[in-house]
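*Asks:* Below are the structure tokens for one structure; questions will follow.
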Amino acid sequence: MSSTPGSRRIYRKPISLPRVIEVIEKYFKLEPKGIECVPLSEAVNRVLAEDVHAIYSYPPFDRALYDGYALIADDIAKAYEDNPVKLSLKGRISAGESPKIELKRGECCEVATGAPIPYPADVVLPIEYSKEVDNLVYIYRRFSKGFGIQYACTDCVKGEVVAKRGTLLTPLLIGTLASVGITKVKVYTKPTIGIIAIGNELIEPGKTLERWKVYESNSFMVKSFLKDLGLEAHYLGLIRDRYEDLKVILDKALIEFDVVMTIGGTSAGYEDIVYRVLESYEPGIIVHGLKVKPGSPTIIAIAGDKLIIGLPGFPLSCFLVLHLIVKEILCKITGLLQEKRELYGILLKNVEGTLGYVKLVPALIRREGGTFYAYPIHLHSGFLLKASLCDGFILIPEDRELITKGERAKIVLTNFKDSDLIFIGSHCPLTERILLELHRQGIRVKYLFTGSMSGVVAIKDGFADIAGIHIYSPKSDSYNRDLLEDLGIRDIVLIRGYDREQGFILRRGLGDVVNSFMDIINLRLRFINRNKGSGTRALVDYLILKEAEKRRIDSSQLKASIRGYNVEVSTHESIALAIVEGKADVGVGIRYVAEKYNLDFTRIKYENYDFLIRKSFMKSSIFRVFNRLLTEFLRSIIGEYRGYRIPDTLGEVIYEA
């Protein structure tokens, strides 16, 4: 197939990780060129003097995780390989382009990796499960809602603390700071290294974040990673996805530098142009694809006596390739001893692999005596903040489809530190404030905000010490206790927390006219829903059920009358952002978020945000400090947060098993 500018080529012949060095050394000597004495400086391995808050949420919009087709899941519910579903192609959306297309039933839209999702699509089908003929797309596989989409604000939210005072800055964390427009680094080199960032959807940190764009953060991460190795890299700038632009800057870079790294544009999409440019050199591409996930779309090429490394654009993929391949290459070139930070730990949950590929799964790690326990956190390659908070990655060999709970597995360490307290649960600014206060008092806290049910499961699996939860039960019109009784979890205690005001978050001007779901239906407003399994979704469905009972109709009939009922997001912040962007008029969330985004709010009720605790942890001195902060410190700061209140039973045991 032609590789001229503008053509698409479905690559590639991936090779296993152990073969990469062998293949490179057939063309390029991986040995030191000389010795430099230069000081380490600035950000990497320096300590923060203050907490750093996210200026913007990340990602700032719903975006595609694959090159493929955005569509409505219900349209492909009956799609099979021998019975494809036929959809009309409405158009195409590139990364960084405004999603002006609105889909109807039976339609789809081609999207590039990182492109915004057109309304009301709820699936991105990978291109390999389709065939396009004369503006018709044949779909050969069905996928559930949400597949292939990273929803807005699912990685980090505006105002969230992304780096704490006293934290040692790592390469991944510096990339996180850059992604919210905060940091700037300088690094040094041996050998000379140039970095080129590529992407129509990218803008430089420090500039105002435009709609449908994201900050270019990977170059900050790559430079910091190299600085951690004692190397300096030169950032050559951000270019668009244009063949000519990359060819010009790369030709110049190959004169000046020994190694050139490009970031982004390495996969098989119709806009990914790196491999087309690299094929123009001699001997050209020697590696196009690695048998590793995330990180598969990696390119290595030789141009005369210069080495070119094409890194994937999604931050987590980029970071893992740096650790698994680039570090070894650069250590050989510079003569540095490679320190492999790996250990074996016992898995606390099953993890699935992919035959033929090495798979890496983010994990938190707990040390008990001389034994390490690994708890997998399932994140895709678009997540950055949550990945930076993890301790390392579980490595699943290419010949394993599954590693089961209780087995020992290899773990690649990236950020491991021992901890005194592990918190997993739903995000809330008040709880985050308590956890930060624990950190300031010298207590080693690990926390990850992944939702109420994730917290319950982490407690059940014996990994987390505390989980913040707010799971609504229609059965008793209450929170949390019914679920714990139904699950039958033992050796736990539920401590009463605080209340959050839950209600309709509305476009400005609607606060006085929307008080129920019937108002939403009658006014033909666009609703945006929460994901199944969330406490807010349970409340939404309960309210709709009650409305249906009053009218003596089935609740499914009422749901069908709500525009957008099946459009789901996974956070309160995502609800607000969808309304701010004009994609929806109303959703259900907490008052604090509505006011944060200057939106209208109509109260439905107060919800309980409580703390699920392992009974054994309650015997520790750390729990006593936590409980004191909950009952005393919380009272002193509650006035700073609109939409919250403290019950008389704050800090009391309300359930035990």
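*Asks:* Taking the Cα atoms only, what angle lies between the long axis of helix 535-551 and the longest principal axis of the chain, rounded to 10 degrees?
*Replies:* 50
*Asks:* Further question on the same structure: Note the per residue figure in Å³ for the convex hull of the C-alpha positions in the range 342-413.
*Replies:* Convex hull of Cα atoms, per residue: 75 Å³.
*Asks:* Based only on the alpha carbon positions, what is the Kirkwood hydrodynamic radius of the chain, in angstrom?
*Replies:* 26.2
*Asks:* Moving on to the next point. Mind checking the full-extension length gain between LEU238 and LYS546? Use 0.36 nm per residue of separation minus the Cα-Cα distance, one decimal, nm.
*Replies:* On the way: separation 308, 0.36 × 308 = 110.88 nm, distance 5.38 nm.
Working it through step by step, the gained length comes to 105.5 nm.
*Asks:* Could you grab the Rg to Rh ratio for the range 493-580? Cα atoms only, Kirkwood for Rh.
*Replies:* That ratio is 0.98, to two decimals.
*Asks:* Provide the FRET efficiency to the nearest 0.05 for the GLU22-GLU640 pair, computing r from the beta carbons and using R0 = 45 Å.
*Replies:* In this case the efficiency is close to 0.15.
*Asks:* Let me ask something else. With the contact rule set at Cα under 8 Å and sequence spacing of 6 or more, what percent relative contact order holds for the chain?
*Replies:* Numbers: 1531 pairs, mean separation 75.0, N = 657.
It rounds to 11 percent for the chain.
*Asks:* Name the residue farthest towards the positive end of the dipole of the chain from the options PRO32, PRO283, PRO171, assuming +1 on Cβ of Lys and Arg, -1 on Cβ of Asp and Glu, about the Cα centre.
*Replies:* Result: PRO171.
*Asks:* Hey, got a sec? Which GluC sites (Glu not before Pro) in the range 408-516 land in a DSSP loop and have at most 15 other Cβ atoms within 10 Å?
*Replies:* none
*Asks:* In addition: How big is D for the range 63-150, in µm² s⁻¹ as a whole number, if Stokes-Einstein is applied with the Kirkwood radius of its Cα pairs at 10 °C and 1.306 mPa s?
*Replies:* Stokes-Einstein gives a translational diffusion coefficient of 129 µm²/s.
*Asks:* What GluC sites (Glu not before Pro) in the range 69-133 are in a loop by DSSP, with at most 10 other Cβ atoms within 10 Å of the Cβ? Mind dumping the intermediate values first?
*Replies:* Working: sites: GLU81, GLU97, GLU102, GLU107, GLU110, GLU128, GLU132; in loops: GLU81, GLU97.
When the GluC sites (Glu not before Pro) of the range 69-133 are filtered for loop state and at most 10 Cβ neighbours within 10 Å, GLU81 remain.
*Asks:* Provide the net charge surrounding PHE623, with neighbours chosen by a C-beta distance below 13 Å and charges set as Lys +1, Arg +1, Asp -1, Glu -1.
*Replies:* +3
*Asks:* Using just the helices of the chain, give the 222 nm mean residue ellipticity in deg cm²/dmol: DSSP H runs with n ≥ 4 each add -39,500 (n - 2.57), and the total is spread over all residues, rounded to 500. Could you put the intermediate results ahead of the total?
*Replies:* Numbers: 18 runs with 151 residues, N = 657.
The helix contribution divided over the chain gives -6500 deg cm²/dmol.
*Asks:* Taking a label point 7 Å from the Cα of LYS207 along the Cα→Cβ vector, which residues of the range 102-133 have an amide N closer than 20 Å to it?
*Replies:* 114-116
*Asks:* Separate question: Add +1 for every Lys or Arg and -1 for every Asp or Glu among the other residues with Cβ under 13 Å from the Cβ of LEU523, and state the total.
*Replies:* Here the charged neighbours net out to +1.
*Asks:* Okay, next question. State the three equivalent ellipsoid semi-axes of the range 476-656, derived from the C-alpha gyration tensor as the square roots of 5 times its eigenvalues, in descending order and whole Å.
*Replies:* Over the Cα atoms of the range 476-656, the ellipsoid semi-axes are 33, 20, 13 Å.
Here, each number is a calculation from the coordinates, and none is a lab measurement. Keep in mind that what you see is a predicted model, and the values were worked out from it rather than measured. No Cβ is skipped: glycine too gets one built from the backbone with ideal geometry, and neighbour counts run over all protein chains shown.
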